[in-house]
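Quick note: the coordinates plus some simple rules give every number you see, no bench work behind them. None of these values were measured; they are calculated from a predicted model. Ideal geometry is used to build each Cβ from the backbone, glycine not excepted, and the neighbour counts take in all protein chains shown.
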Amino acid sequence: MDHVTQTNLVSSSDVNGTEVFGRDGSHIGTIDHLMIDKQSGKVAYAVMGFGGFLGIGEDHRPVPWSKLHYDLSKNGFVTDITEQDVKGAPERQENWHADRDWEQRTHDHYRAQNYWL
């Protein structure tokens, strides 16, 4: 998302790698990829990379898309999610994306609006 355009649409390939900042301006992580609900077409999660150094040791975790808001001045996303929120999120299994119970617990944890409603 290196360029500012006059449209509200963006390619998913341009979202991957976009920086995410806390409300205080601190760098939280980067977006690795998006998870899209097949039935509604809505973006459900941004799978973000947290921690690590130069991509080594980075932890990838899904965050509800509704918790991220694009900020033109930062050329990135801003969130009220903290490192503690991420560390305290419900543990995910390999099939987390097919487990509605996990999704509900995760959305409750982040106080995020459910994408499936």
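A compact table of results
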item: Point-charge dipole on Cβ atoms (K/R +1, D/E -1) for region 12-110, about Cα centre, debye to 20; result: 200 debye
item: Ascending count of other beta-carbon atoms within 10 Å, so fewest first, for Lys87, Lys38; result: Lys38, Lys87
item: Within a Gaussian network of the chain (alpha carbon springs, distance under 10 Å), most fluctuating of Glu19, Glu103, Glu58; result: Glu58
item: Matching label, Rg/Rh (Cα atoms, Kirkwood Rh) computed from the structure shown, candidates [x] 1.01; [y] 1.16; [z] 0.94; result: [z]
item: Amide H contacts under 5 Å for Tyr45, placed H, 5+ residues apart; result: Met35, Trp65
item: Choice from Gly76, Gly88, Gly17 showing the highest fluctuation, given a GNM over the chain with Cα pairs closer than 10 Å; result: Gly88
item: Among His97, His60, His107: highest mean-square fluctuation, GNM of the chain, C-alpha pairs under 10 Å; result: His97
